[in-house]
1. Can you pull out the residues in region 89-146 that are under 21 Å from Val33 (Cβ atoms), of a type in the set (D, E, K, R) and at pLDDT below 95?
2. If only one of Val26, Val69, Val33 is buried (at least 18 other Cβ atoms within 10 Å of the Cβ), of a type in the set (Val, Ile, Thr), in a helix (DSSP H, G or I) and in contact (Cβ under 8 Å) with a residue 12 or more places away in the chain, which one is it?
3. Could you list all residues from region 87-142 that are part of a loop (DSSP other than H, G, I, E, B) and hydroxyl-bearing (Ser, Thr, Tyr)?
4. Looking only at region 37-61, which residues are under 15 Å from Glu92 (Cα atoms) and either touching a residue at least 60 places away in the same chain (Cβ under 8 Å) or surrounded by fewer than 22 Cβ atoms within 10 Å (Cβ to Cβ) (or both)?
5. Do you know which residues across region 72-99 are of a type in the set (A, V, I, L, M) and either without any contact (Cβ under 8 Å) to a residue 12 or more places away in the chain or surrounded by 17 or more Cβ atoms within 10 Å (Cβ to Cβ) (or both)?
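The values are calculated or read from the model by the stated rules, or taken from the named source; none is laboratory data. These numbers were taken from a predicted model, which means no experiment stands behind them. Positions of Cβ are backbone-derived with ideal geometry, glycine not excepted, and every protein chain shown enters the neighbour counts.
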Amino acid sequence: MKIDVLVTHWNDAARRREIEQIRRRVFIEEQGVPEALEWDGDDAGAIHFLALADRQPAGCARLLADGRVGRMAVLPRWRGHGIGRRLLQRCEATARERGLSELRLSAQLQALDFYLRQGYEPVMDHVYLDAGIPHRDLRRSLEPSS
């Protein structure tokens with residue numbers, strides 16, 4: 001399987017539709033996140049990442065200017081193939097290019113082990129609900145790019 005991670009923006013209508021379909025399927029349909037919470041004002045200013053598996057949309061994530069990674073989702077049929085890891089790697093590389101020294105994210109507890117394996121660390125031992133789903137805040141220091 002060939003995995004590509006594209007960097008895109010919300011004003012790219014074709015890529016935006018693909019990202020919206022992934023997020024709708026994972027967050028709204030699968031996890032029951034209310035639609036009004038899924039679509040926020042941060043999308044327009046974010047850098048978006050679209051993972052393609054064999055040229056088919058498979059996952060997405062976004063990076064905000066302050067170093068927050070969010071809205072990371074992989075479609076069910078593509079889970080377990082390294083797509084999440086590749087999305088994070090591309091977020092990290094892009095953050096380094098922009099001079100960021102740290103990334104932060106809010107991880108669903110069901111995905112906590114994944115993020116810990118990728119080098120993220122808990123900010124504090126506090127679990128909270130976001131859209132009715134238990135989360136923990138994580139961070140990762142970034143090495144400067146060479």
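1. Asp130
2. Testing whether each residue is buried (at least 18 other Cβ atoms within 10 Å of the Cβ), of a type in the set (Val, Ile, Thr), in a helix (DSSP H, G or I) and in contact (Cβ under 8 Å) with a residue 12 or more places away in the chain leaves just Val26.
3. Once the filter is applied, which keeps residues that are part of a loop (DSSP other than H, G, I, E, B) and hydroxyl-bearing (Ser, Thr, Tyr), region 87-142 yields Ser101, Tyr120.
4. Ala46, Ile47, His48
5. Met72, Ala73, Val74, Leu75, Ile83, Leu87, Leu88, Ala95, listed by residue number.
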